[in-house]
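**Student:** There's a structure below that I have some questions on.
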Amino acid sequence: MYLHLGQDTIVNERDIVGVFDLDNSTVSRHTRDFLSKAQKEGRVVNVSMELPKSFVLCRSGQDVPVVYLSQLSTATLRGRAENNLFE
């Protein structure tokens, strides 16, 4: 199954490592450092035209994960993933 992250971006649910709320997770210095490093390495994809509310960490064909910034909340993304189970 695939998960729609916003705009025209979908990812395979098997590739998702985690879905994180930006407000809560960026309290940690380690998360901020990780996101900053990913940004510098060009591994962050902003799929939002608005202020992002969450980020989705996905495996890629490479050894390093890709970070997708989404304007959708973690609750909305979870709901979409759960709806995929019943289709």
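**Student:** Considering each residue of the stretch 16-33, count those that are open to solvent by 60 Å² or more (accessible area, probe 1.4 Å), within 10 Å of Val56 (Cα to Cα) and of a type in the set (Asp, Glu), and give that number.
**Tutor:** Of the residues in the stretch 16-33, 0 are open to solvent by 60 Å² or more (accessible area, probe 1.4 Å), within 10 Å of Val56 (Cα to Cα) and of a type in the set (Asp, Glu).
**Student:** Those residues that are touching a Leu at 6+ places or on another chain (Cβ under 7 Å), under 13 Å from Leu72 (Cα atoms) and aliphatic (A, V, I, L, M), I need them from the stretch 11-53; list them, please.
**Tutor:** Of everything in the stretch 11-53, those that are touching a Leu at 6+ places or on another chain (Cβ under 7 Å), under 13 Å from Leu72 (Cα atoms) and aliphatic (A, V, I, L, M) turn out to be Val19, Val47.
**Student:** Let me ask another. Residues in the stretch 33-59 that are in contact with a strand residue (DSSP E or B) (Cβ under 7 Å, 6 or more places away or on another chain) and among the small types (Gly, Ala, Ser): how many?
**Tutor:** 3
**Student:** Looking at the stretch 1-34, which of its residues are in contact with an Asp or Glu (Cβ under 6 Å, 6 or more places away or on another chain) and not in a strand (DSSP E or B)?
**Tutor:** Passing the criteria: only Met1.
**Student:** Which of the residues spanning the stretch 53-72 are modelled with pLDDT of 95 or more and within 18 Å of Lys40 (Cβ to Cβ)?
**Tutor:** Matches in the stretch 53-72: Phe55, Leu57, Val66, Val67, Tyr68, Leu69.
The values are calculated or read from the model by the stated rules, or taken from the named source; none is laboratory data. What you are looking at is a predicted structure, and each value in this text was computed from that prediction instead of being measured. Cβ coordinates were reconstructed from backbone atoms using ideal geometry, including for glycine residues, and neighbour counts include every protein chain displayed. When the accessible area is computed, the model is the full protein with side chains, heavy atoms only, and any ligands, DNA or RNA have been set aside. Shrake-Rupley method; radii C 1.70, N 1.55, O 1.52, S 1.80 Å.
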